[in-house]
Amino acid sequence: MTLTDTFNRPLRDLRISVTDLCNYRCPYCMPKEIFGSGHHFLPKAELLTFEEITRLASNFAAFGVRKIRLTGGEPLIRHGIEVLVGMLKQIPGLELAMTTNGSLLAQKAEALKKSGLDRLTISLDALDDTVYRQMNDVNSPLEKVLQGIAAAEAAGFGPLKFNMVVKRGMNDQQVVELARHFRGTGHIVRFIEYMDVGNSNGWRLDEVVSAQEIVAAIGAEFPLEPAKPNYHGEVANRWRYRDGAGEIGVIASVTQPFCGSCTRARLSATGQLYTCLFATNGHDLRAMLRLDFSDDQIREHLQTLWQLREDRYSEIRSAATSQQPKIEMSYIGG
Ligand code: SAM
Ligand code: SF4
Ligand code: SF4
């Protein structure tokens, strides 16, 4: 059964945050000053168990969800994450993906592949070691993620996707570098406009490097032409190298919002369901699980929530909305 919301958008994708912890402190996501030693992270009992996540996932699948992405925080920090992958794999017809900073991938890639993970997206904000360390802000070396990438390739993942969030004055000089490095490899780099998620990153519009600027910078060196979306609702705009060396994606959520085709729901590590990345309030599904509601009751609730959905934050973004209280990216998942 397919559910549609008030703008006729079907529910197709579910992003599940498996932990609010992360070993990085990217300034655009978990700035050190706020997520420091005094920050209160979630106690384990608050997190959904693997069984709870799997039960919710199968209820979502019954409503037409075809793709689940595990995220966080850093999903590879969640102990036994490959076990969860294996459990989710038992649900028929689901594509399973993960977004990770890649720092622990060298140890985990093979187990993830064996458990049935279909696709990997690796966040990579620079190829220069100094800039990379500044972007993760915990002095983690580039070498570690490069080893992770090699392990992912060796385990049989591919094509890989790479996410680069571009922040003016921090890593914008690395855009063409990333494009150059992955041209001709079959992997796809997606350049992401820096967004006003959460309330802690001090977001300013003048720090956003627009998709248009990104495409112009890469295109000046390696001529590009637009490519058609692979499917309705694809988040990234695709651009192909004219010389046949592959493609890139740009995610222009600030300058060219795509709420009209947004088919994504997000489940926090504590089982709160959010119908938009910029939502203020979640819906407590964990309470339903722990109060012994039946699957029928959970589905009825999901149906009502999605049918009432009217989120379109990026289309109505303004100076005022960016100040509204919002959920942090590390809690809701990217
Ligand atoms: N820790 C994992 C990682 O970094 O890949 C998964 C979670 S992270 C929140 C998911 C994605 O969100 C990453 O690719 C990250 O770069 C992106 N992200 C975080 N904060 C962002 C922001 N303010 N604007 C745009 N993308 C952001
Ligand atoms: Fe951690 Fe990912 Fe956020 Fe960076 S973007 S701080 S790696 S959760
Ligand atoms: Fe979807 Fe909300 Fe992002 Fe719009 S702002 S694309 S509704 S998550």
Report task. Would you point out which residue out of G86, G73 is touching a strand residue (DSSP E or B) at 6+ places or on another chain (Cβ under 9 Å), small (G, A, S) and in contact (Cβ under 8 Å) with a residue 24 or more places away in the chain? Result -> G73
Requested in this report: Determine the pairs where a residue that is closer than 17 Å to R133 by Cα and in contact (Cβ under 8 Å) with a residue 40 or more places away in the chain, located within the stretch 27-53, has a partner that is β-branched (V, I, T) and within 16 Å of ligand 2 (Cβ to nearest atom) with Cβ atoms under 9 Å apart, the partner being 6 or more residues away or on another chain.
Outcome: Y28/V165; Y28/V197; C29/V165; C29/V197; K32/V138
Report summary line: Checked A62, A45 against criteria (surrounded by fewer than 20 Cβ atoms within 10 Å (Cβ to Cβ), in contact with a Lys or Arg (Cβ under 9 Å, 6 or more places away or on another chain) and of a type in the set (A, V, I, L, M, F, W, C)); the one match is A62
Query raised in the report: For Y194, all conditions in the list (1) more than 18 Å from the chain's Cα centre (by Cα); (2) modelled with pLDDT of 95 or more; (3) within 15 Å of ligand 2 (Cβ to nearest atom); (4) surrounded by 18 or more Cβ atoms within 10 Å (Cβ to Cβ) hold save one; what is the number of the exception?
Result: (1)
**Report entry** Checklist (1) of a type in the set (G, A, S); (2) surrounded by fewer than 21 Cβ atoms within 10 Å (Cβ to Cβ); (3) under 21 Å from the mean Cα position of the chain (by Cα); (4) over 22 Å from L104 (Cβ atoms) applied to S140, failing item
**Finding:** (4)
Report task. Go through the stretch 1-26 and give me each residue that's within 21 Å of L76 (Cα to Cα) and of a type outside the set (S, T, Y). Result -> D13, L14, R15, I16, V18, D20, L21, C22, N23, R25, C26
Query raised in the report: Filtering the stretch 199-219 down to residues that are farther than 25 Å from K326 by Cβ and in contact (Cβ under 8 Å) with a residue 24 or more places away in the chain, which residue is surrounded by the most Cβ atoms within 10 Å (Cβ to Cβ)?
Result: I218
**Report entry** W203, sole failed condition from (1) under 26 Å from T263 (Cα atoms); (2) in contact with a strand residue (DSSP E or B) (Cβ under 7 Å, 6 or more places away or on another chain); (3) part of a loop (DSSP other than H, G, I, E, B)
**Finding:** (2)
Query - Whichever residue in the stretch 153-191 is of a type in the set (G, A, S) and part of a helix (DSSP H, G or I) and, among such residues, is surrounded by the fewest Cβ atoms within 10 Å (Cβ to Cβ) - result: A154
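Filter the stretch 249-266 down to the residues that are within 22 Å of I122 (Cβ to Cβ) and not basic (K, R) and list them by number.
The answer is G249, V250, I251, A252, S253.
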Report task. Using the structure shown, decide if V138 is touching a residue at least 12 places away in the same chain (Cβ under 8 Å) and within 14 Å of C29 (Cα to Cα). Result -> yes
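If you check N23 against the conditions, is it within 16 Å of ligand 1 (Cβ to nearest atom), at negative phi and modelled with pLDDT of 95 or more?
Answer is yes for this residue.
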Report summary line: Residue set G333, G260; condition within 25 Å of G233 (Cβ to Cβ) and surrounded by fewer than 21 Cβ atoms within 10 Å (Cβ to Cβ); output residue G260
Report task. Tell me, yes or no, whether the stretch 249-266 has at least one residue that is away from ligand 3 (no atom under 16 Å from the Cβ), in contact with a helix residue (DSSP H, G or I) (Cβ under 8 Å, 6 or more places away or on another chain) and of a type in the set (A, V, I, L, M, F, W, C). Result -> no
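The values are calculated or read from the model by the stated rules, or taken from the named source; none is laboratory data. Please read these numbers as outputs of a predicted model, since none were measured by experiment. No Cβ is skipped: glycine too gets one built from the backbone with ideal geometry, and neighbour counts run over all protein chains shown.
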